[in-house]
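The values are calculated or read from the model by the stated rules, or taken from the named source; none is laboratory data. Quantities reported herein were computed from a predicted structural model and do not represent experimental measurements. Note that we place each Cβ from the backbone using ideal geometry, even for glycine, and neighbour counts take in every protein chain shown. Surface areas here come from the heavy atoms of the whole protein model, side chains and all, with no ligands, DNA or RNA. Shrake-Rupley method; radii C 1.70, N 1.55, O 1.52, S 1.80 Å.
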Amino acid sequence: NELVHPDDREVGIGNWMEMLDSPGPARPVRLRHLHQDGSWVWIEVTNNNRLADPEHHDVLAEMVDISEEMGALEALHARDQLLRQLTETVPVGLFHADLGGHLLFSNSRLGELIGGGLSLEALAGVDRRRHILDTAGEADHGAGVVDERTQAEGAVAGPVRAEGDAYL
């Protein structure tokens, strides 16, 4: 038990107990394991319950080092958090929508500029990009800008400024 990181013990034990209740391959579990050098290594463990198999009577464990993948995921999460913090501090309304009009992201300032708390749920089933551009234009708050580059990439992005200027 000391070989599994304290934060991962509960999920590790739960996975082990689930595996013991059913023969065959178990669901993989991701957890941190203590390396012989004292550092924590991310591994994905799949335990195969072969206890009922008369040829084996054992549990076959497959462990794969996923430290690089988990490090990349943690870095991506940190970058996403930083980007979200930055978009919430700018004085313009920002949005990102795909060409189908599905709103992928908007900051809170956009909702303030076009009136009412804009949310992904509130705009379900409508062409969100068109709604944002139309509402912002009608309210004389400006509009998002679409250019060939963003269209070619399959998405539309644009800030909406209270003064009526729009930028990409």
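Filtering the range 106-121 down to residues that are modelled with pLDDT under 80 and not in a helix (DSSP H, G or I), which residue is surrounded by the fewest Cβ atoms within 10 Å (Cβ to Cβ)? Checked the range 106-121; the qualifying residue surrounded by the fewest Cβ atoms within 10 Å (Cβ to Cβ) is E121. Here L3 meets the list (1) under 30 Å from N107 (Cα atoms); (2) open to solvent by 80 Å² or more (accessible area, probe 1.4 Å); (3) in contact (Cβ under 8 Å) with a residue 12 or more places away in the chain almost entirely, failing just condition (1).
Quick test of your reading of the structure: T89 fulfils all but one of (1) within 27 Å of the chain's Cα centre (by Cα); (2) surrounded by 11 or more Cβ atoms within 10 Å (Cβ to Cβ); (3) not acidic (D, E). Name the failing condition by number. Every condition holds for T89 apart from (2).
When the range 27-68 is filtered for residues that are among the hydroxyl-bearing types (S, T, Y) and either over 12 Å from W16 (Cα atoms) or open to solvent by 80 Å² or more (accessible area, probe 1.4 Å) (or both), the ones remaining, listed by number, are S39, S67.
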